[in-house]
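Below is one structure, written out as structure tokens; the observations come after it.
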Amino acid sequence: MRLSKHDLFQMDDEWLKKLPAELLLEVSKRLLHDVRALQDQLNQNPGNSSRPPSTKPPWEKARDPDVEEGAPAQAGAADDAAAADSAGATADGPAPAQETAPPVTEGPSPREDSGKRPGKQAGSPGHGRTQKLAVTDHCAHRPENCAACGGALAEDAESQAYTAWDEIDIAPAVEGSIGLTFSVTRHTLLEVRCACGHVSRARPWRAPPDAQWEKVELGEWRLVGPRLAGVIVLLALRMRLSRASIRELLREVFDLTLSTGVIDETIREAGRASFPLEDALVADVVQVAQLHIDETSWPESGVLLWLWALVSTSTVLYLIGPRTREMLENALQDGYTGILISDGYGVYRNWDNRLRCWPHLMRKLRGLAESSDGRVSRVGQEMEAILTALMAAIYAARLDPPPQPLPERYAAEVKRLRHLCEGHQMDEHPALRSVVREFLYDWKVILRPLAEPLLPLSNNAAEQALRHWVIARRISHGTRSEEGSRAFALLASVIETCRRRGASAWQYLGTVIAAARKGLPLPALPAIPAAV
């Protein structure tokens, strides 16, 4: 039977010294038994116990030899804020300027035996569309100028169709009606003979090659219309549906059959179409007075990356990349002068104008207060009580400002907290030493709200902005390519920004995709409501 917390509280060095040899041996046997049992419990992992793969820490997944080459890494459980905080900051000194993800150790892949790539193999029979849809509208495309002489072509000049494509889209809603109405438009490309004798053909617009989107095409010739594409993006990201689930929903609810390949292509194309909006999102983010920021692990085809969230009241910018200082500097363009609200990850210490998340610190002090070491527990309880009193005073000051400034009114409590931190910064207990040093490193940043009670005490805004995508990561296991990660982050940013501004995300994405397919300037982001 294991020793209880009540038993351990009564044991210290002095008590052990007073024990006779035979009792000391018996106590040692019990402690050794408990240590072995706890060590075995600590050593449990998905490979040697019934624990699910999601319990594996992200830094272990990155070098997991069992990850197949080219396969997505297993996603972890929703990040605990305190664990993510302590993982980022160093315990015995200021965090390094940057942190790079550990290299991936590639293990044997079952595909190595056959040498085949995933997906459809070369030479296998193809599949085409079998569903026949009634055409509801027609759109003819005529060339405007002669491709040879450059002269303008007469509108009444004889023409004939040389090819066409059908586009399935959602028709604009009629005022006062509800529901969705689908349309099938047949786009016909015409060829016209010029007076010079040359026959010119209308061509659908197609975006030039882009090194950042090598495998993603953008142009007019598409089966899925822009508004339907906006709905598909919303289903995939906001509703967290897989490509197969979207295909099933469209077939069951709307009797529309689309392949998973077309659905995936539509989502990637929407990402490329939204790419120019990234500059507008960054410009909005760097202008706000207060910016919440947080990050969570994000696997990309077995490589450990991080999903960053930069959150204001009206704009959210998501980025996927390494967990480094350069990543954050590039996002903020070295020009952010507002207040950065974050956890204790060391990269954020490069910004002087920032705030610390008090709930993170409270959880760490709660951990010390619940320690099995009685001495550590007493220190943790006292620090937790002081911080709780300061937090209550800040909330009270927001409703009824006191005549005396809070730093003066609570000078004794602050002095006692400082004394506890300085007295245990060389403590032999690693958890206590780490927490008090964290307080000392960020002393002014942590206590800044005491002098300015209206400043936020938590980083809940950033954590809540990530929570939806943490669940999505557990379902999809991340992304499989750099283009997929870029498209995911851009579309997530647009969707969440639209939600915060009270605009329909799928309808706005529809206008963006429609403009991008024709090479036209993209519509501006939805306006920020006056109340925001």
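The values are calculated or read from the model by the stated rules, or taken from the named source; none is laboratory data. Nothing here was measured: the structure is a model prediction, and the numbers come from that model. Cβ atoms come from the backbone with ideal geometry, glycine included; neighbour counts cover every protein chain shown. The accessibility values were calculated without ligands, DNA or RNA, using every heavy atom of the protein model including side chains. Shrake-Rupley method; radii C 1.70, N 1.55, O 1.52, S 1.80 Å.
Here are a few things to note about the model shown:
- Residue count for region 6-33 under the criterion of being surrounded by 12 or more Cβ atoms within 10 Å (Cβ to Cβ) and of a type in the set (S, T, N, Q): the result is 1.
- Filtered by the rule that a residue be in a loop (DSSP other than H, G, I, E, B) and surrounded by 13 or more Cβ atoms within 10 Å (Cβ to Cβ), region 181-209 gives CYS194, HIS198, ALA202, ARG203, PRO204, TRP205, ALA207.
- Among the residues listed as TRP205, TRP213, the single one being within 30 Å of GLU482 (Cβ to Cβ), more than 31 Å from the chain's Cα centre (by Cα) and not charged (D, E, K, R): TRP205
- The set of residues in region 473-532 being β-branched (Val, Ile, Thr) and in a helix (DSSP H, G or I) consists of ILE475, VAL494, ILE495, THR497, THR511, VAL512, ILE513.
- Candidate set: region 441-478, residues that are β-branched (Val, Ile, Thr) and touching a Lys or Arg at 6+ places or on another chain (Cβ under 7 Å); chosen: the one farthest from LEU387 (Cα to Cα): ILE475
- Pairs, first without any contact (Cβ under 8 Å) to a residue 24 or more places away in the chain in region 329-343, second polar (S, T, N, Q) and open to solvent by 20 Å² or more (accessible area, probe 1.4 Å), C-beta under 9 Å, six or more apart: GLU329/ASN350; THR337/ASN353
- Taken over region 394-411, residues that are without any contact (Cβ under 8 Å) to a residue 40 or more places away in the chain, touching a helix residue (DSSP H, G or I) at 6+ places or on another chain (Cβ under 9 Å) and open to solvent by less than 80 Å² (accessible area, probe 1.4 Å) amount to 1.
- From ILE386, ILE339, residue being under 23 Å from GLU295 (Cβ atoms) and either open to solvent by 10 Å² or more (accessible area, probe 1.4 Å) or at pLDDT below 95 (or both): ILE339
- Inside region 217-249, residues that are open to solvent by less than 10 Å² (accessible area, probe 1.4 Å) and part of a loop (DSSP other than H, G, I, E, B) make up a count of 1.
- Residues located in region 411-454, provided they are of a type in the set (Lys, Arg) and under 37 Å from the mean Cα position of the chain (by Cα): ARG418, ARG433, ARG437, LYS444, ARG448
- Being aromatic (Phe, Trp, Tyr) and surrounded by 15 or more Cβ atoms within 10 Å (Cβ to Cβ) is a description that applies to TRP213.
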